[in-house]
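What follows draws every value from the coordinates through simple rules; no lab data is involved. This structure is a prediction, so every number in the text was calculated from the model and none was measured. Cβ placement follows ideal geometry from the backbone for every residue including glycine, while neighbour counts extend to all protein chains displayed.
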Amino acid sequence: MAAVPRHVLILGGTTEGRALAAALVELPSLRVTSSLAGRVAQPRLPAGEVRIGGFGGPDGLSAWLRGERVDAVVDATHPFAAGMSRNAALAAATAEVPLLALRRPGWTQVPGDRWHPVPSLAAAAEVLPGLGRRVFLTTGRQGIATFAHLDELHFLARSVDPPEPPLPSALEVLLDRGPFTFDGERALLREHRIDVLVTKDSGGAATAPKLTAARELGLPVVVVERPPLPDGVPVAPDVPGAVRWLERLRQPGPTGPTRPPHPTV
């Protein structure tokens, strides 16, 4: 690593974002700032500097990048935080700062799964009545309102913080956060007599046991597909890949450290 002070902004809030911050703060001459959206009341704080709250859109983020002399941005937000990813791409391009998306791979369907892929939460609400009557929602508290009109269904929803109206008329809320276990998820599905699961394709191991439990119990699973990333943004599937990308940015060229706009991961 070149001994040149650098400032890395991590748009975080995920397990990968925290792991990346922990890895980077150990590197010499590197300032690490993690930005959290502030949607969780008591977030798990990463190592290094932390800021909480929005930037005011892409223009505000671009101004922040310039004002704080940021040399690289890693978008380690949730795979479904499409708005933030769009803002990051616009802001990074305007400020001429290299941008990387750190995205864990999505889940893969295996034999025995009864998946019903859909492009959106609204599409998930449309197919639900034909699949079951007792629904386990694991889409996050902000997505629960999409199902508020389905009065004929009973919902069990799990989220870190309490959801806000509008809500389904028959709704039970579990306040919890992962990681979860296979035995725990199977017991939960049986206890609440769940006959259909709804989830986003978030990927990762922390919340995957629910899919294994649903497979064993023969339950249909409505899987909301991920939104695409902005065009031209390179992707790393894990923290080591993100670190390698940052290391290449820090390698000195003939006249100083290089900063390619979109290096290949």
Inset, instruction - Specify the angular offset, from 0 to 90 degrees and rounded to the nearest 10, of the alpha carbon long axis of helix 57-67 from the longest principal axis of the alpha carbons in the chain. - result: 30
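Counting helices only, and only those DSSP H runs with n ≥ 4, report the 222 nm mean residue ellipticity of the chain as the sum of -39,500 (n - 2.57) divided by its residues, in deg cm²/dmol to the nearest 500. Walk me through the numbers on the way to the answer.
Numbers: 7 runs with 72 residues, N = 265.
Result for the chain: -8000 deg cm²/dmol, rounded to the nearest 500.
Defining a contact as two alpha carbons under 8 Å apart and six or more residues distant in sequence, what relative contact order in percent does the chain show? Intermediate results must be reported in sequence, preceding the final value.
On the way: 519 pairs, mean separation 55.2, N = 265.
Contact order relative to length: 21 percent.
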Inset, instruction - In a Gaussian network model over the chain where Cα atoms closer than 10 Å are linked, find which of ALA125, ALA92, ALA187 has the largest mean-square fluctuation. - result: ALA187
Legend entry - Angle in degrees between helix 82-95 and the longest Cα principal axis of the chain, rounded to the nearest 10: 10
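Report the equivalent ellipsoid semi-axes for the chain in whole Å, largest first, defined as the square roots of five times the eigenvalues of the gyration tensor built from alpha carbon atoms.
Each semi-axis is √(5λ); the values are 38, 18, 16 Å.
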Inset, instruction - Please label the shape of the range 172-244 as rounded, prolate or oblate, based on the square roots a ≥ b ≥ c of the eigenvalues of the alpha-carbon gyration tensor (a/c under 1.5 means rounded; beyond that, a/b larger than b/c means prolate, else oblate). - result: prolate
Inset, instruction - Among the GluC sites (Glu not before Pro) in the range 42-126, which ones are in a DSSP loop with at most 11 other Cβ atoms within 10 Å of the Cβ? Mind listing them? - result: GLU96
